[in-house]
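The next block holds one structure in the form of structure tokens; read it before the comments.
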Amino acid sequence: MRIATLLATLFLAAAPVHANDCAAPAAVCERPVPGALPLIEDGRPLAVLVDDDDLPGVARAAGDLRADLAAVAGAASDATGGFLPRTAIIAGTLGHSPRIDRIVREQGIDTGDVAGRWEAYLLQVVEAPEPGIERALLVVGSDRRGTVFGLYELSRRIGVSPWTWWADVPPPRRGTLHAAPGRFVDAPAVRYRGIFINDEDPALGGWMNATYGGPNHRFYERVFELILRHKANYLWPAMWGRAFHDDDPRNAELADEMGVVIGTTHHEPMMRAHVEWSRHGEGPWDYTRNRERLQAFWREGVERMGAHESVVTLGMRGDGDEPMSEDTAIDLLQGIVADQRRIIAEVTGRPAEETPQVWALYKEVQDYFDAGMDVPDDVTLLFADDNWGNVRRLPKPGETRRGGYGMYYHFDYVGGPRNYKWINTTQIERAWEQMRLTWAHGVDRLWIVNVGDIKPMELPISFFLDQAWDPDGMTLERMAAYPAAWAAEQFGPEHAGDIGDILTRYTQYNARRKPELLTAETWSLLNFGEAERMLADWDALVERTLRIGAALPATLRDAWYQLVEYPVLASANINRLYVAVARNRLYTEQGRASANAWAEEAERLFARDAELARVYEQDIAGGKWIHMMSQPRIGYTHWQQPDRNVMPALARVDVRERGTMGVAVEGDARGWPVPTLSASLPAMDPIGATTRGLVVFNRGTAPFRYTARSDTPWLRVLPDAAEVADEQAVRVEVDWDAVPEGEHVARIDLLGSDRTEVRVSVPVRVPPRGARIAGFVESEGHVAIEAAHHARAVAGGGVEWQTIPNLGRTLSGVTAWPATLPPHAPGEHGTRLEYPVHLHEAGEVEVRVVLSPTLDYQARGGLRFGVSIGDAPPQVVTMSLDPTPGHRDFRAWERAVSDSVHVATSRHRVEAGPQTLTLWHMDPGVVFQRIEIVRDGLRPTYLGPPESVRR
């Protein structure tokens, strides 16, 4: 398959709004199809023609397309059509480009599905569009942004990434490119689609100051272009200590020229930045005490806005993005909004409803809305997530309002339980799932996402804006293919599948627990090999990343380091750092001589974090991205970041010279021998726990020897003797064919050459050999199951089950769709997931269902599902999380967003033998990740035990 064809195929699978296969209308490919128009031939590109009198922004986008074509071709065209005589790209806006209007009229071009639509555009190859031009590719916009988007769509189709400047992605070189014949029309489904630059110090702010001298129009010109190249149209500018209009008056002028709609954040009403009050305001930020000055302040904001296309934020929060009052001050807030709308009408000279407005239901303001706050019908209600990617509230299905609904989402946040700003931790699978819910409930007026420093959120930004353009087109299958398609757009098709998987894996691993929330206690060193398994995941990812990076051409090095290598290597390093700290502390408690070496290793990894960032900031792209990786991420102790990365506390031990034996036992933090106590391994069985482990370690510097003996012939210790300088892993095995049925306790005796003795008990359980065992088999008192590994997924009542690959901490998520059907009782429609299990004993068990932390977005009292085992009736289980401080479910929410999951529990009486565990569908929106059946407690880990053996 040729390069361009494969690119097109990947794009078709992931985001059909910006590419097609070579036979589709206006597709761009290297291989010509009958009737295709050459865009580049023999290394020469077509000219791009626009009317001088067209709307502002069109000429600029046309200039960018010319530059992109020249970069891809390796040469520029001349003003009359370049190497191909009498052919061109002709672009313009209906009603504003005399040339386009004439061609449409004289050639009978069908614009019925373009004219009058918001931001629509047409791409079409036409014959003899005007005298002197034999053929042309028309780019026809319904409005100025429609034309701009059509031009940038062509840039993306010829292979120029929207990140060409922001991530140094070089345009691919192509000697030939052709535009397929036919007619392609596209328009966005969501009216306003954009980003919010937030929490921008010290990274983006430091870079901005060093590169541009501050948040001026030269900086924002780059931001506007990035937005428009993604066919988005909306921006909340940087805000902390910055004022978009006040810092540089040219900022707003340029935004309007380029076609970017400017708004202000959820707590910056009437087009005034928060910091402007401290610069120009007088008195307290308190409407009850300072009404007249605040009104004058807001009036100036609307006057300054003038005719620039904007969306005015209404309402008021307290100074510094805090609640306005301790009470739910509905009457006060409604009065403020009425006064603000009066000001808008007076300044604009038009009814207030003719100026787009938004009221953000952020944090406590949502409580006002829930309590019955009256909102003018023409105002867009902007719902919000909980700052952690979980949507808080959505309209009722079918509920409409003239001003529509919006959603404010987060990829970055400053606040509790802890800031997360450094690296991308957003799974596009979760963003897709939550924004799909949002779209299904009629939120189509405004989608905006907090992107922090812009970098390194490149992947989720592209995904969010592509989904916003066409939410219905971003199906489950296209979402799953998106990372590979995005990788092809940045690095070409050869390694796109592997790179897409690397992007998916690193975000999944980071989403397990955000780096700022990691501690030395996160990953268990004692149980189920969790820390080792986690590091093995990262090590495999690092190896793949370095291998593929070495195979890429040098021209891609800068982009590769920014978009893939740094996120993977730095994220792996920080996890390895915390495991090294954990080992240092544990080994110190156990008295291991190697504790000091682990302190040194932790210090090395801490220094490596700084070195990886230095390469990003100083070596890559000639030092273009100075300061950009300076967000602190190591050493958090509460919600706010430390001023700088802080090395976690380490310990040192005084190491004796004489070699002295110590023994570490799986599942036990103590270093043995312990006076008057006996060590014991966790129980073994022939299905789920076939081996166990010990570590014989040295408490001194001189080597020693040990010997190990079992008291029964069917228990083996490997190796049963060795010299130990540092430590020796010891494997405990059982000859399962030789062990009698039933429960046994074997013993291992270890003797060191220093005369240290340690005795370890080994519980062993062998089920009846003739018993029929099927399903997920209990071992060590538990069963662990990935939700996607059901035996049956029974649909009913118009609902189907969908598995969202890679969503969550371990494998995937399973949810019912559509999410707009009403709730029902468990069993009412028979919609359920069934999991066969085998339990060894009758008795009582706890079922722990691991869920994505979805909020009660319809305010029904929580999200419910049913759980049953065997023939028992379902128990109703409710997931109730609330991000409101002081709410009874606030602590549950804090834990859920910190852990990235919520664990819902129920207790059940069970019989021994084969059983079926069933999850029953009740409320929409529930996403299942794992199930654990626990009999008498479970050795603690962060991710839970590995999935049980299935027979």
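If R₀ is 35 angstrom, what is the calculated FRET efficiency for the pair Thr820 and His308, using the beta carbon separation as r and rounding to 0.05? Don't jump to the answer; show the numbers that get you there.
Working: r = 37 Å, r/R0 = 1.06.
After rounding to 0.05, the efficiency reads 0.40.
Where Lys and Arg each count +1 and Asp and Glu each count -1, what net charge lies around Arg191 among other residues with Cβ under 9 Å from its Cβ? Present the calculation step by step, with values, prior to reporting the outcome.
On the way: positive: Arg193, Arg445; negative: Glu119, Asp444.
Result for the neighbourhood of Arg191: 0.
With both bridge residues required to lie in the chain, what share of the DSSP beta bridges run antiparallel, to the nearest 5%?
Looking only at bridges with both residues in the chain, the antiparallel portion is about 70 percent.
As a check on your grasp of the helix formula, calculate [θ] at 222 nm for the chain: sum -39500 (n - 2.57) over DSSP H runs of n ≥ 4, divide by the residue count, round to the nearest 500. Could you put the intermediate results ahead of the total?
Values: 21 runs with 275 residues, N = 951.
Dividing the helical sum by the residues of the chain leaves -9000 deg cm²/dmol.
How do the peptides 636-646, 851-861 rank, highest first, by the average count of neighbouring beta carbon atoms within 10 Å per residue?
Descending mean neighbour count gives 851-861, 636-646.
Per residue of segment 658-668, what does 6.51 cos²θ - 1.76 cosθ + 1.60 with θ = phi - 60° give for ³J(HN,Hα)? Whole Hz please, x for Gly and Pro, Karplus curve as stated.
My calculation for segment 658-668 gives 5, x, 9, 7, x, 10, 10, 10, 3, x, 10 Hz in order.
Using the Kirkwood radius over C-alpha pairs as Rh, can you work out the diffusion coefficient of segment 46-194 via Stokes-Einstein at 10 °C, viscosity 1.306 mPa s, in µm² per second?
In µm²/s, the coefficient rounds to 103.
Apply the Karplus parameterisation 6.51 cos²θ - 1.76 cosθ + 1.60, with θ equal to phi minus 60°, to every residue of segment 188-197 and state each ³J(HN,Hα) to the nearest whole Hz, in sequence, with x for glycine and proline.
Karplus-based 3J(HN,Hα) across segment 188-197 equals x, 8, 9, 5, 10, 9, x, 10, 10, 7 Hz.
What residues qualify as long-range amide H neighbours of Leu39, i.e. H under 5 Å apart, gap of 5 or more or another chain, H built at 1.01 Å from N?
Leu177, His178, Ala179
Show me, for segment 122-134, the HN-Hα J-couplings you get by feeding each phi into the Karplus relation (A = 6.51, B = -1.76, C = 1.60, θ = phi - 60°), rounded to Hz, glycine and proline as x.
With the stated coefficients, segment 122-134 comes to 10, 10, 7, 7, 10, 9, 6, x, 6, x, x, 10, 6 Hz.
List the residues whose amide H sits under 5 Å from the amide H of Phe196, counting only those 5 or more places along or on another chain, with H placed 1.01 Å from N in the peptide plane.
Those qualifying (amide H under 5 Å, at least 5 residues apart or on another chain) are Trp236, Val449, Asn450, Val451.
Note down the net charge around Trp298, summing +1 for each Lys or Arg and -1 for each Asp or Glu among other residues with Cβ under 12 Å from its Cβ. Before the final figure, lay out the partial values.
Values: positive: Arg272, Arg291, Arg293, Arg299, Arg304, Arg341, Arg342; negative: Glu268, Glu276, Glu292, Glu300, Glu303, Asp339, Glu346.
Surrounding charge for Trp298 is 0.
Setting aside same-chain residues fewer than 8 positions from Lys624, which lysines have a Cα under 16 Å from its Cα?
Lys455
Output the relative contact order of the chain, whole-number percent, from Cα pairs under 8 angstrom with separation of 6+ residues.
9 percent
Long-range amide H contacts for Ala384: which residues qualify at under 5 Å (H placed 1.01 Å from N, peptide plane, sequence gap of 5 or more or a different chain)?
For Ala384, whose amide H was placed from the backbone, the distant partners under 5 Å are Arg392, Arg393, Tyr408.
Of the listed values (i) 2, 11, 18, 21, 20, 14, 8, 5, 2, 0, 0; (ii) 2, 7, 11, 12, 10, 9, 8, 7, 6, 6, 5, 4, 3, 3, 2, 2, 1, 1, 0, 0, 0, 0, 0, 0; (iii) 2, 9, 15, 17, 17, 14, 10, 7, 5, 2, 1, 0, identify the label whose number matches P(r) over Cα pairs in 10 Å bins from 0, in percent calculated from this model.
Read-out taken from this structure: (i).
What full-extension length gain, to one decimal in nm, is calculated for Arg102 and Ala75 as 0.36 nm per residue of separation minus the Cα-Cα distance?
Answer, rounded to one decimal: 6.6 nm.
Sort 718-728, 560-570 by packing, meaning the average of other beta carbons within 10 Å per residue, with the highest value first.
560-570, 718-728
Write down, largest first, the equivalent ellipsoid semi-axes of segment 118-167 in whole Å, where each equals the square root of 5 times an eigenvalue of the alpha-carbon gyration tensor.
Sorted largest first and rounded, they come to 24, 15, 7 Å.
What aspartates and glutamates could a cross-link reach from Lys231, if we take a straight Cα to Cα line under 12 Å and drop same-chain neighbours fewer than 8 places away?
Result set, ordered by chain and number: Glu119, Glu153, Asp186, Asp466, Asp470.
Which shape class applies to segment 513-623: rounded if a/c is under 1.5, otherwise prolate when a/b exceeds b/c and oblate if not, where a ≥ b ≥ c are the square roots of the Cα gyration tensor eigenvalues?
The shape class here is prolate.
Quick note: the coordinates plus some simple rules give every number you see, no bench work behind them. Values in this document were obtained by computation on a predicted structure and should not be read as measured data. Note that we place each Cβ from the backbone using ideal geometry, even for glycine, and neighbour counts take in every protein chain shown.
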